[in-house]
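Here's the structure, in structure tokens; my notes come after.
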Amino acid sequence: MSVAIRINNLTKRFGNVTAVNNVSLNIESGSFLTLLGPSGCGKTTLLRCITGLEDPNEGEIFIGDKLVYSSSEGISVPPGERDLGLVFQNYALWPHMKVYKNMTFALETKKMTPEEMDKRVKDSLAEVKMSGYEDRYPREMSGGQQQRIALARMLAYRPGVFLMDEPLSNLDARLRMDMRIELKRLHHVTGATTVYVTHDQVEALTMSTSIAIMKEGVIQQLDTPDKVYHFPATLFVADFIGNPKVNLLNGTVDEAGKVNLGSFNVSTNTYNTKGKVVMAVRPEDIAISASPVPEGIEFTAYSVLPAGADSSIIAHRDDIELTIREMGTSTIKMDEKIWLKFNPEAVNLYDEKSGNLITQ
Amino acid sequence: MTVTTIPKVPLPLLNKARLRRFFRWLKSPQVILSLIMLAVMFYMVIIPLYRMLITTITFSENDLRYAPGAVVGQFTLFHWLRMLTSKIAVIMTFQPLLHSLTISFGATTLAFVIGGTMAWMVVRTDMPGRKIINILAVVPYIMPSWTIAMAWKVLFNNGTAGGVPGVLMFLTGTAPPDWIAFGPLPIIISSALHYYTFYFLFVSAALMSIDSSLEEAAELAGASRGRILRKITFPLVIPALLSGFIMTFSKTMGTFGGPNVLGVPVSYYTMSTMLRSNTTVLAFGDAFVLAIILILFSMTTVTVNQKIVGTRKSYETIGGRGFMAQKTKLRESKYILTAITVTFQIIIAVLPLLLLIMSTLMLRSGSYSFDNLSLVHWIGESNVNINSGEPGVLLNPAIWKGAWNSIKLALYTAFFTALLGVILGYAIVKGRGTKLGKIVEQLAFVPYVIPGIAFGAVYISMFTKSVGPIPPLYGTFLLLVIVSVAKHIPYSSRSGVSAMLQVGRELEEAAAVAGANAWRRFWRIIFPLTSAGFVSGFLLTFITTMRELSLIILLVTPSTAVLASMTMRYIENGNEQQANAVIILLITIVLIGNFIISRFRGGSLKKGLGA
Ligand SMILES: Nc1ncnc2c1ncn2[C@@H]1O[C@H](COP(=O)(O)OP(=O)(O)O)[C@@H](O)[C@H]1O
Ligand SMILES: [Mg+2]
């Protein structure tokens with residue numbers, strides 16, 4: 001696959017805060033890449049650097065084959081010449097223009113007949129299911145409708161790359177779900193390279209073809225959603241992704257390759273590692289039983305939280321606390337004894353010092 | 001987000017990348033506009049100030065009369081020594097300074113008492129009729145600042161300093177004492193009645209913005225009412241009080257009209273009138289020494305003030321957000337209070353006008369009986385015995401020319417001020433956090449600390465000779481426009497900045513991403529979104545320029561005379577009725593202008609005043 005955006009050693013500082021720290025990243029054509037991370041980790045800054053709204057301090061950015069930013073060459077192409085579209089978190093619709101004007105603003109400078117423009121507007125509105133809203137002012141529409149118009153405004157001028165900065169964060173939960181469906185469809189239909197910024201892991205996991213997880217200006221892992229979820233590259237990623245949260249336990253790997261967690265051991269696929277590790281296991285990768293099972297480890301059910309489709313069980317043993325996810329409504333009673341088995345395939349070990357995944 | 005120290009990499013001073021970066025910086029609209037603004041302000045403010053300073057330490061041809069042996073163009077401390085240490089220093093400098101300070105402090109205090117009390121009553125009590133009080137509070141501001149002074153003279157003149165007896169003397173037969181008729185007291189009162197509007201607007205905005213839950217919280221915590229007022233309410237209102245203070249103080253320091261009408265006839269000179277009398281005898285070196293002293297005083301006041309309130313706050317007013325304030329119950333007395341307030345407002349707004357109109361309807365001045373009624377000062381033919389032979393005001397081509405000059409000046413000034421405001425707002429807001437932006441912002445503030453008459457004085461020295469490609473401008477109409485626009489820069493940049501801040505930066509960025517260049521972004525996005533405040537700013541500038549006197553009095557010539565300066569000339573020639581008629585004409589034009597401009601969307605004088 002060809003590369004739509006190539007970023008080399010990009011650094012952006014604000015005063016002595018390094019918002020983006022030596023980031024290198026290739027975004028493949030046609031992919032849906034999500035920049036995911038907690039608030040303040042530099043996602044927006046990275047996106048703005050790509051857009052050209054912010055000038056980085058160091059590094060290079062290519063869009064397609066075109067060098068749009070280079071600190072060593074002193075090049076910075078203005079945003080309007082980078083062939084990008086950006087959807088802002090707060091929509092940024094021009095309040096003094098009707099929807100139609102908002103959408104044709106970018107088209108006016110391209111030599112286009114009124115009929116062509118008309119068609120563009122109609123098509124784009126249809127794509128976001130907002131046909132017939134041409135004559136509204138932004139303030140005359142709900143938040144969800146404005147969101148769709150903001151999207152249509154970008155679609156209307158057909159940029160090579162779609163950029164979106166937390167476009168759904170101002171919507172209520174219901175609308176956000178609907179828009180996720182639509183955005184994913186849109187990507188499927190247009191096949192346009194999309195860079196999407198969010199702090200919401202569900203959005204990232206559901207829509208992306210790849211996810212870049214950021215922390216303090218550094219990309220921690222760039223992978224498919226599946227890899228990110230099942231093989232988090234660092235403890236930070238493991239902890240950040242997943243709801244309920246991953247279980248993290250301090251232990252030691254013994255000669256036999258078993259993880260010693262104090263009063264019990266967990267056997268895993270053999271790792272060629274020794275010494276102190278952090279074991280990560282997701283709540284759904286622990287099997288739970290109300291009666292003793294072979295190799296089952298005895299715990300006490302501290303709290304049981306059924307949630308319809310699934311239930312969370314909080315289990316205690318000594319000072320260890322685990323969260324287990326069980327499908328359906330759990331029959332476990334609080335304070336009863338339970339027996340747990342870890343799925344050896346799904347257990348990941350991390351180096352205690354560096355927090356990096358230990359590969360098998 | 002990691003905190004790192006930036007490694008210092010030694011770079012060759014000039015390389016291709018640096019050059020490219022530099023030119024890109026230079027090409028960005030904010031930088032271009034900032035640089036243009038810097039050049040404009042440098043030319044309009046800094047160079048004139050410098051030239052003024054130079055004039056005070058150089059001999060000029062005019063000095064040869066009283067400085068024997070002077071060599072034109074030579075460096076000298078002559079003017080400074082003469083104004084500060086010679087025998088005449090007391091009369092020329094120190095007495096006027098004392099008088100100016102007396103008047104400024106007096107007027108400021110009185111304006112505070114009137115405006116502050118009124119604001120408190122309107123915002124924090126359940127007194128009825130708040131709307132009408134609000135409207136009436138702006139009225140004195142529309143009138144020229146010396147209107148009340150002129151009316152005062154019509155009422156109280158006692159003939160001491162020549163001129164005809166006032167209405168009071170005519171009716172009672174006894175002459176009011178000198179201290180009522182002329183001098184500091186009437187100047188203070190007449191200025192305070194004009195400037196109390198500032199206090200009223202600032203304090204009421206501040207009081208409105210105080211969240212009364214703060215006070216309620218203190219009350220719940222067991223604090224007494226007096227303590228709450230002292231510890232909570234007062235500190236929150238202090239910035240507004242100080243804004244009112246420096247606004248009024250620096251205006252009264254540089255004001256010319258009042259002291260000229262009520263002070264000069266009894267030789268009670270202030271800095272401004274002394275400055276003027278020095279320029280009329282072409283003693284520019286001496287005059288500029290006074291101007292510089294005046295500027296230093298004003299600057300000190302503003303600086304001390306800003307130290308107290310924290311930078312800038314003092315001239316930014318607090319935007320009233322309108323919390324539901326807890327209101328003091330006044331019971332029955334509230335109607336009486338409303339009646340007193342409204343009566344007072346009507347008296348100070350309407351009575352002066354009535355007195356002025358009455359005086360213009362009297363054939364012979366000083367007689368206020370019915371058989372003396374006449375329209376001759378308005379529509380009389382030229383008559384050697386009346387008004388030095390000038391025809392009635394409405395038939396007088398010189399006055400129509402003055403009126404037209406006034407209107408032209410006000411319109412040009414309002415337009416360029418508004419335009420500069422939008423540009424400065426853009427340059428400053430976009431440049432926030434950069435050195436360039438900061439310099440622009442600070443330079444834009446400079447005219448604020450220069451009192452009106454001194455600001456006018458600054459321009460005398462500037463434009464008597466040509467500067468670079470620019471021809472000498474002294475005596476031209478253009479100079480009046482330049483000085484008026486320059487004096488308005490602080491206000492226009494303030495309103496431009498607040499308008500820009502209303503426009504989220506994403507709106508412009510969205511346009512940039514959509515491929516719009518800076519020009520298109522400015523005219524299609526920024527300008528339409530910031531121009532809502534344009535109209536009220538325009539209106540405010542129009543009115544202040546129409547009735548501005550101190551600023552231009554030193555710069556007008558017979559051919560560029562405006563109505564405001566004509567009133568002074570008529571007074572000085574002893575044709576007071578004619579002067580009064582011109583004031584009435586001036587106020588009428590302002591009211592018509594106000595009416596027309598406020599028809600447009602967003603045109604509100606109160607809004608323009610920043611409350
Ligand atoms: N214009 C700016 N000036 C100064 N600091 C900024 C600016 N923009 C962002 N930052 C800082 O850079 C860091 C990253 O910000 P941002 O990219 O907005 O994070 P995110 O979008 O991931 O929440 C934060 O610490 C933020 O405070
Ligand atoms: Mg962000």
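The values are calculated or read from the model by the stated rules, or taken from the named source; none is laboratory data. Predicted, not measured: the structure shown is a model, and the values here were computed from it. Note that each Cβ is placed from the backbone with ideal geometry, even for glycine, and that neighbours are counted across all protein chains shown.
Here are some notes:
- Number of the condition not met by A:Ala106 [criteria: (1) more than 16 Å from ligand 2 (Cβ to nearest atom); (2) within 21 Å of A:Gly217 (Cα to Cα); (3) in a loop (DSSP other than H, G, I, E, B)]: (2)
- Boolean, B:Asn573 is among the polar types (S, T, N, Q), surrounded by fewer than 22 Cβ atoms within 10 Å (Cβ to Cβ) and not assigned by TED's automatic domain parsing to the domain that holds B:Ser145: yes
- For A:Lys129, the conditions (1) in contact (Cβ under 8 Å) with a residue 40 or more places away in the chain; (2) within 12 Å of chain B (Cβ to nearest Cβ) are fulfilled apart from (2).
- Unmet requirement for A:Gly85, which otherwise passes all of (1) more than 8 Å from chain B (Cβ to nearest Cβ); (2) more than 16 Å from ligand 2 (Cβ to nearest atom); (3) assigned to a strand (DSSP E or B): (1)
Rundown of residues vs (1) within 16 Å of ligand 2 (Cβ to nearest atom); (2) over 27 Å from A:Thr206 (Cβ atoms), yes/no style:
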{"site": "A:Met112", "(1), (2)": "no, yes"}
{"site": "A:Asp123", "(1), (2)": "no, no"}
{"site": "A:Arg136", "(1), (2)": "no, yes"}
{"site": "A:Gln145", "(1), (2)": "no, no"}
{"site": "A:Ile149", "(1), (2)": "no, no"}
{"site": "A:Leu163", "(1), (2)": "yes, no"}
{"site": "A:Ser169", "(1), (2)": "yes, no"}
{"site": "A:Met177", "(1), (2)": "no, no"}
{"site": "A:Leu183", "(1), (2)": "no, no"}
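- Taking residues in region A:202-218 that are within 14 Å of chain B (Cβ to nearest Cβ), and partners anywhere that are in a strand (DSSP E or B) and away from ligand 2 (no atom under 15 Å from the Cβ), the pairs with Cβ atoms closer than 6 Å and at least 6 places apart or on different chains are A:Glu216/B:Thr2; A:Gly217/A:Thr18; A:Gly217/A:Asn21; A:Val218/A:Asn21.
- Residue within region A:219-238 that is touching a strand residue (DSSP E or B) at 6+ places or on another chain (Cβ under 6 Å), within 14 Å of chain B (Cβ to nearest Cβ) and within 16 Å of ligand 2 (Cβ to nearest atom) present: yes
- Selection count, region A:53-76, where residues are touching a residue at least 24 places away in the same chain (Cβ under 8 Å), in contact with a Gly (Cβ under 8 Å, 6 or more places away or on another chain) and facing chain B (nearest Cβ under 10 Å): 1
- Cβ pairs under 6 Å, 6+ apart, first in region A:1-24 and within 16 Å of A:Ile219 (Cα to Cα), second within 16 Å of ligand 1 (Cβ to nearest atom) and basic (Lys, Arg): A:Ala19/A:Lys12; A:Val20/A:Lys12
- Enumeration of residues in region B:29-73 that are under 30 Å from A:Gly74 (Cβ atoms) and surrounded by fewer than 16 Cβ atoms within 10 Å (Cβ to Cβ): B:Ile32, B:Leu35, B:Ile36, B:Ala39, B:Phe42
- If the condition is being closer than 22 Å to A:Glu203 by Cβ and more than 16 Å from ligand 2 (Cβ to nearest atom), then region A:8-25 contributes only A:Leu25.
- Test set (1) among the small types (Gly, Ala, Ser); (2) touching a helix residue (DSSP H, G or I) at 6+ places or on another chain (Cβ under 6 Å); (3) more than 8 Å from chain B (Cβ to nearest Cβ); (4) part of a loop (DSSP other than H, G, I, E, B) - A:Ser124 fails condition number: (4)
- Selection status of A:Thr45, buried (at least 17 other Cβ atoms within 10 Å of the Cβ), at the interface with chain B (Cβ under 10 Å from one of its Cβ atoms), at pLDDT 95 or above and within 29 Å of A:Arg148 (Cβ to Cβ): yes
- Positions within region B:393-445 being surrounded by fewer than 17 Cβ atoms within 10 Å (Cβ to Cβ) and either in contact with a strand residue (DSSP E or B) (Cβ under 9 Å, 6 or more places away or on another chain) or part of a loop (DSSP other than H, G, I, E, B) (or both), in sequence order: B:Arg432, B:Gly433, B:Thr434
- Checking every residue in region B:547-558 against the condition of being in contact with a helix residue (DSSP H, G or I) (Cβ under 9 Å, 6 or more places away or on another chain), away from every other protein chain (no Cβ under 14 Å) and assigned to a helix (DSSP H, G or I) gives at least one match.
- Criterion violated by A:Tyr100 - all others in (1) assigned to a helix (DSSP H, G or I); (2) within 22 Å of A:Leu84 (Cβ to Cβ) satisfied: (2)
- Where helices (runs of 4 or more DSSP H) fall entirely within region B:452-530, those with at least 2 residues that are away from chain A (no Cβ under 14 Å) are at B:452-462, B:477-502.
- Residue in region B:117-139 that is buried (at least 19 other Cβ atoms within 10 Å of the Cβ), in contact with a Phe, Trp or Tyr (Cβ under 6 Å, 6 or more places away or on another chain) and not small (Gly, Ala, Ser) present: yes
Residues are listed down the side, and each one gets a yes or a no for (1) in contact with a Phe, Trp or Tyr (Cβ under 8 Å, 6 or more places away or on another chain); (2) closer than 19 Å to B:Ala514 by Cα; (3) more than 8 Å from ligand 1 (Cβ to nearest atom):
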| site | (1), (2), (3) |
| --- | --- |
| A:Gly40 | no, no, no |
| A:Ile50 | no, yes, yes |
| A:Glu54 | no, yes, no |
| A:Ile63 | no, yes, yes |
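- Just so you know, in region A:301-335 the residues that are β-branched (Val, Ile, Thr) and part of a strand (DSSP E or B) include one that is surrounded by the most Cβ atoms within 10 Å (Cβ to Cβ), and it is A:Ile324.
- Residue ID - nearest to ligand 2 (Cβ to nearest atom), chosen from residues in region A:185-198 that are of a type in the set (Ser, Thr, Tyr) and more than 13 Å from the chain's Cα centre (by Cα): A:Thr193
- Residues satisfying the stated conditions in region A:26-38, i.e. farther than 19 Å from B:Val513 by Cβ, away from ligand 2 (no atom under 12 Å from the Cβ) and not β-branched (Val, Ile, Thr): A:Asn26, A:Glu28, A:Ser29, A:Gly30, A:Ser31, A:Phe32
- If you go through region A:161-185 and keep only what is over 19 Å from A:Glu28 (Cα atoms) and assigned to a helix (DSSP H, G or I), you end up with A:Ala173, A:Arg174, A:Leu175, A:Arg176, A:Met177, A:Asp178, A:Met179, A:Arg180, A:Ile181, A:Glu182.
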